[in-house]
Amino acid sequence: MLKESRLEITADSVAFMRCEFCGTEIRSGRFCPACEVAYHRKKESQMREKMKGFGLETEEERRNRNNKGEKRFLRDE
């Protein structure tokens, strides 16, 4: 429950947890606020990398393709 951020250790408690990345003392969750932001940015960039080029075509690909009336998506370059 603590790692899910459902409960929080009180500020005056002698018990504490540590951030899984940097080891900073935290009261709930898995990461300190700075590492949590970095973790989510990393995950987001990994997802963007997986989706890169999916459903998009370059201007050159569009010109070379026969015009069959299908849906087209242009890549911003």
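If you scan segment 19-30, which residues turn out to be closer than 14 Å to GLU8 by Cβ and not hydroxyl-bearing (Ser, Thr, Tyr)?
Just the residues of segment 19-30 that are closer than 14 Å to GLU8 by Cβ, to begin with: 25-30.
GLU25, ILE26, ARG27, GLY29, ARG30, listed by residue number.
I'd like to check something: does segment 4-14 contain any residue that is surrounded by 11 or more Cβ atoms within 10 Å (Cβ to Cβ), of a type in the set (Val, Ile, Thr), modelled with pLDDT under 90 and in a loop (DSSP other than H, G, I, E, B)? Reasoning before the result, please.
Residues of segment 4-14 that are surrounded by 11 or more Cβ atoms within 10 Å (Cβ to Cβ), as a first pass: 5, 8-9.
Next, only the ones that are of a type in the set (Val, Ile, Thr) stay: 9.
Checking which are modelled with pLDDT under 90 leaves us with 9.
Okay, now just the ones that are also in a loop (DSSP other than H, G, I, E, B), so 9.
Looking for residues that are surrounded by 11 or more Cβ atoms within 10 Å (Cβ to Cβ), of a type in the set (Val, Ile, Thr), modelled with pLDDT under 90 and in a loop (DSSP other than H, G, I, E, B), one finds at least one in segment 4-14, hence yes.
The values are calculated or read from the model by the stated rules, or taken from the named source; none is laboratory data. Not measured: the values here are computed from a predicted model. As a convention, Cβ positions derive from the backbone with ideal geometry for all residues, glycine included, and neighbour counts pool all protein chains shown.
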